[in-house]
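Asker: What follows is a single structure, and I will ask about it in a moment.
Taken together, the values in this text are just the output of simple stated rules run on the coordinates, not laboratory data. None of the values given here were measured: they were computed from a predicted structure. FYI the Cβ positions are ideal-geometry reconstructions off the backbone, even for glycines, and counts take in every protein chain you see.
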Amino acid sequence: MVERKHALALTATTAVLGAACMANADLHDPALDQTYTLGAFHLDSLANGGVTEASFTITPPENEFPIVGFSFAGTVDGVGDSGAWASDMRMTVDDPTGDSTSFGGFSTTSDYDWDFQGGGSTDDGDYDSGPHLIWSDSPISQDGENSFTFSFTNDWDSTLSPTHVWSDVQITFHKIPAPGALALLGLAGLVGTRRRRA
């Protein structure tokens, strides 16, 4: 009877661990966050010519923690009192799987809005958006070769659009513990429980 209880406990624990791994992809672990500074760039609208795009490629170093999403942060100058919005900036993320995901903008439809999308972003200053956990269903491994390209444009396609000057732009990747590590922790806890009950 005792062995049967132990077997049932092991089965239940395995099920809980599997659910925890799935749930953890949605939560991520802030202690594992990794921030990259892209620096500064300026963006003109297509209608005005000039510099219309800025692109940055990030290749995270190899480690065991899969990436499930990212956050954006930056400071903009030039939109205040101009009729423009900070959210006119459109960002496209090309990930290692070949998928492309877009955020924000005005003239072009994107997959997602910024957290600061719209008329609430008419002032110069600091803006942030995220976490955007767009890879939570299929976390991306860090094998030292997988690269992410972040491309930015001024998407208010009008001659009225001012030049957006962005600085202190940062991308923070959000990660989860390796599933194997979670399983080992859970099994270690089960062994400890069985020893205490013995």
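Asker: In µm²/s, what is D for region 29-175 at 25 °C and 0.890 mPa s, where D = kT/(6 pi eta Rh) by Stokes-Einstein and Rh is the Kirkwood radius from Cα pairs?
Answerer: The calculation lands on 158 µm²/s.
Asker: Got the relative contact order for region 29-175 handy, in percent, Cα pairs under 8 Å and 6 or more residues apart?
Answerer: Details: 380 pairs, mean separation 70.5, N = 147.
Relative contact order comes out at 48 percent.
Asker: For Tyr36 and Asp99, calculate 0.36 nm times their separation in residues minus their Cα-Cα distance, and state this gained length in nm to one decimal. Display every interim value, and only then the final one.
Answerer: On the way: separation 63, 0.36 × 63 = 22.68 nm, distance 2.09 nm.
Extra length from Tyr36 to Asp99 when fully extended: 20.6 nm.
Asker: Something else: How much length, in nm to one decimal, is gained on full extension between Ser151 and Glu64, taken as 0.36 nm per residue of separation minus their Cα-Cα distance?
Answerer: Roughly 28.7 nm would be gained on extension.
Asker: Of the listed peptides 158-170, 82-94, what is their order by residue-averaged count of other C-beta atoms within 10 Å, with the highest listed first?
Answerer: Values: 158-170: 17.3, 82-94: 21.9.
Final packing ranking: 82-94, 158-170.
Asker: Note down the nm distance, to one decimal, between modelled labels 7 Å out along Cα→Cβ at Leu160 and at Asp113.
Answerer: My value for the distance between the label points is 2.1 nm.
Asker: Continuing with this model, one more query. If I take R0 = 41 Å and measure r between the Cβ atoms of Asp29 and Ser82 in this structure, what FRET efficiency does the formula 1/(1 + (r/R0)^6) give, to the nearest 0.05? Don't jump to the answer; show the numbers that get you there.
Answerer: Values: r = 40 Å, r/R0 = 0.98.
Once the sixth-power term is evaluated, E becomes 0.55.
Asker: To continue, here is another question. Round to a whole angstrom and tell me the spacing of the C-alpha centers of region 27-55 and region 128-167.
Answerer: 6
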